[in-house]
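Asker: This is the structure I have questions about; it appears just below.
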């Protein structure tokens, strides 16, 4: 692989190195629900989609359930399910009970036992085991990351800006 500098060539990364370098995202419902009404959120999500390999934007069952819950009719729900299933990759790894429990235990150890809802803890567990960053507009993920540093999370736009 050429680095663009004369005389400096690096070996092509092996499969393991490529896996480590990949940046995956799980986009939480707290971000998705603002795409239609907040131009800054729409721009941020579009930038992630534009700059990320299609297989690296993941969907997990709890995000799909949250997004589906926001539907207003059967037709709306069907459209949501088709959109999510067709546009994003399923998480390849599913958290075990111990993964979810470890996050909740970390919250309790940090005196924040109830600072994050059950669904957000489950989404965080999916993100951790799939080495993905949760993109959100929800303080729960900030609380989880504070207690459980293995969680990578980022606000879709600056906290408090909406």
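Asker: Relative contact order, percent, of the chain when contacts are C-alpha pairs under 8 Å separated by at least 6 residues? Let's see the in-between values first.
Answerer: Values: 201 pairs, mean separation 40.7, N = 162.
So the answer I get is 25 percent.
Asker: So which residue, out of 131, 24, 50, gets the largest mean-square fluctuation from a GNM of the chain using Cα contacts under 10 Å as springs?
Answerer: Among 131, 24, 50, the largest mean-square fluctuation in the Gaussian network model of the chain belongs to 50.
Asker: Quick check on the chain: helices-only [θ] at 222 nm, where DSSP H runs of length 4 and up contribute -39,500 (n - 2.57) each and the sum goes over total residues. Nearest 500, please.
Answerer: On the way: 8 runs with 81 residues, N = 162.
My calculation for the chain gives -14500 deg cm²/dmol from helical runs alone.
Asker: For Cα Rg over 2.2 N^0.38 Å, one of (i) 1.08; (ii) 1.15; (iii) 0.96 was computed from the structure I shared and the rest are decoys. Which label?
Answerer: Derived directly from the coordinates: (ii).
Asker: Most exposed first by the Cβ proxy, i.e. fewest other Cβ within 10 Å, how do 162, 151 rank?
Answerer: Values: 162 13, 151 22.
Ascending Cβ contact count within 10 Å gives the list 162, 151.
Asker: Among DSSP beta bridges lying fully in the chain, give the percent that are antiparallel, nearest 5. Could the numbers behind the result be given before it?
Answerer: Values: 1 of 13 bridges.
Within the chain, antiparallel bridges account for around 10 percent of the total.
Asker: Roughly how tilted is helix 74-87, in degrees to the nearest 10 and between 0 and 90, from the longest Cα axis of the chain?
Answerer: 20 degrees
Asker: Taking the number of other C-beta atoms within 10 Å as the exposure measure, put 137, 67 in order starting with the fewest. List each step's numbers first, then the result.
Answerer: Numbers: 137 23, 67 20.
Listed from fewest to most nearby Cβ atoms, that is 67, 137.
Asker: Moving on. Within 10 Å of each residue's Cβ, count the other Cβ atoms and sort 45, 123 from fewest upward. Mind dumping the intermediate values first?
Answerer: Working: 45 21, 123 33.
In increasing order of surrounding Cβ atoms, one gets 45, 123.
Values quoted throughout were computed directly from the atomic coordinates according to the rules given, and no laboratory measurement underlies them. Not measured: the values here are computed from a predicted model. Cβ coordinates were reconstructed from backbone atoms using ideal geometry, including for glycine residues, and neighbour counts include every protein chain displayed.
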